[in-house]
Ligand code: CP
């Protein structure tokens with residue numbers, strides 16, 4: 001069973017093969033109208049369940065379109081509308097869904113929910129985001145970096161802001177793809193040590209630097225994300241904004257990185273909070289390519305999971 005649960009749980013050679021496959025599929029699609037099926041139909045006759053316990057624009061649409069382009073069908077389910085939200089166990093839900101569908105993608109709150117789904121499902125399970133990690137996003141992000149700047153191995157990526165779930169998957173990727181990552185943010189919002197330890201054990205240089213101006217020196221890319229994630233209480237909003245304001249990615253901060261440093265953000269963004277509009281819409285921003293590449297990268301993940 002090939003689940004795609006996290007970057008650090010997936011073999012680096014498989015991760016590399018998925019990025020290469022995603023790029024090949026993107027190239028093949030370049031001249032086709034949006035929404036038209038691919039020449040190859042590897043998911044013909046397959047049904048994919050897309051479960052969302054949290055809101056989504058990119059993940060929902062990109063998985064739906066990606067499956068359809070490859071000849072498959074989808075059903076989009078919200079956790080609250082399923083028995084999942086009314087006391088049926090995750091294990092029983094996994095067993096039942098496995099009788100109907102060929103693959104389950106789930107976006108949920110607790111990582112334990114994802115892991116229980118994967119343990120009891122007889123079909124592959126894909127992590128579409130939990131409170132702890134967001135591996136599909138980082139597959140798209142590595143693909144995007146490499147499209148613009150070539151191999152990511154040996155590069156310096158700087159994460160500025162909250163050490164959240166997207167940051168965690170970037171750190172996993174540093175270990176698996178062989179690049180260095182500097183985290184700059186307040187100590188209370190540091191990434192979990194277990195993520196940092198994984199990447200360091202794999203040989204990545206992971207640096208924690210409180211001063212954002214120092215952190216971005218020599219950066220090949222600066223990455224940030226929203227200051228208040230979906231699972232953070234709104235009561236923490238003001239405190240987080242005060243803590244994170246020094247880590248805003250603005251033109252001044254970008255000017256301290258390499259001149260060709262990319263600006264990256266998984267979106268949705270709160271313009272002029274974590275990043276200014278001047279940076280988001282500036283010449284080094286690749287944020288909409290990241291969004292597009294969710295489609296191509298996830299098509300590669302789906303094919304890898306299903307072995308097609
Ligand atoms: N980046 C991302 O996962 O976007 P959505 O929350 O819109 O799916």
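Looking only at residues of the range 225-246 that are surrounded by 12 or more Cβ atoms within 10 Å (Cβ to Cβ) and at pLDDT below 90, we find that the one that is nearest to the ligand (Cβ to nearest atom) is 230.
From the residues in the range 247-258 that are in contact with a helix residue (DSSP H, G or I) (Cβ under 8 Å, 6 or more places away or on another chain) and free of Cβ contacts under 8 Å to residues at least 40 places away in the same chain, which one is farthest from the ligand (Cβ to nearest atom)? For the range 247-258, the residue satisfying everything is 251.
Across the range 61-76, the qualifying residues are those that are within 12 Å of the ligand (Cβ to nearest atom) and touching a residue at least 24 places away in the same chain (Cβ under 8 Å), and the one among them that is surrounded by the fewest Cβ atoms within 10 Å (Cβ to Cβ) is 62. With respect to (1) within 16 Å of the ligand (Cβ to nearest atom); (2) in a helix (DSSP H, G or I); (3) in contact (Cβ under 8 Å) with a residue 24 or more places away in the chain, the lone exception for residue 98 is condition (1). Just one of the listed residues (148, 134) is surrounded by fewer than 18 Cβ atoms within 10 Å (Cβ to Cβ) and under 23 Å from the mean Cα position of the chain (by Cα), and it is 148.
Residue pairs whose Cβ atoms lie under 6 Å apart, separated by 6 or more positions or on different chains, with the first residue in the range 229-240 and closer than 13 Å to residue 270 by Cβ and the second modelled with pLDDT under 90 and within 16 Å of the ligand (Cβ to nearest atom), are 237/228; 240/228. Only a single item in (1) closer than 20 Å to residue 93 by Cβ; (2) within 16 Å of the ligand (Cβ to nearest atom); (3) under 17 Å from the mean Cα position of the chain (by Cα) is not met by residue 79, and it is number (3). The set of residues in the range 111-130 being under 23 Å from residue 232 (Cβ atoms), under 16 Å from the mean Cα position of the chain (by Cα) and away from the ligand (no atom under 13 Å from the Cβ) consists of 111, 114. Does any residue of the range 23-41 turn out to be assigned to a helix (DSSP H, G or I), within 16 Å of the ligand (Cβ to nearest atom), modelled with pLDDT of 95 or more and within 23 Å of residue 177 (Cβ to Cβ)? Within the range 23-41, not a single residue is assigned to a helix (DSSP H, G or I), within 16 Å of the ligand (Cβ to nearest atom), modelled with pLDDT of 95 or more and within 23 Å of residue 177 (Cβ to Cβ).
For the range 259-291, give me the residue count where each residue is surrounded by 18 or more Cβ atoms within 10 Å (Cβ to Cβ), free of Cβ contacts under 8 Å to residues at least 60 places away in the same chain, more than 12 Å from the ligand (Cβ to nearest atom) and closer than 24 Å to residue 23 by Cβ. Total satisfying the criteria: 3.
Residue count for the range 153-175 under the criterion of being away from the ligand (no atom under 15 Å from the Cβ) and free of Cβ contacts under 8 Å to residues at least 40 places away in the same chain: the result is 5.
The values are calculated or read from the model by the stated rules, or taken from the named source; none is laboratory data. In this text, all values refer to a predicted model and were calculated from it rather than measured experimentally. Please note: Cβ atoms are built from the backbone with ideal geometry, for glycine as well, and neighbour counts cover all protein chains shown.
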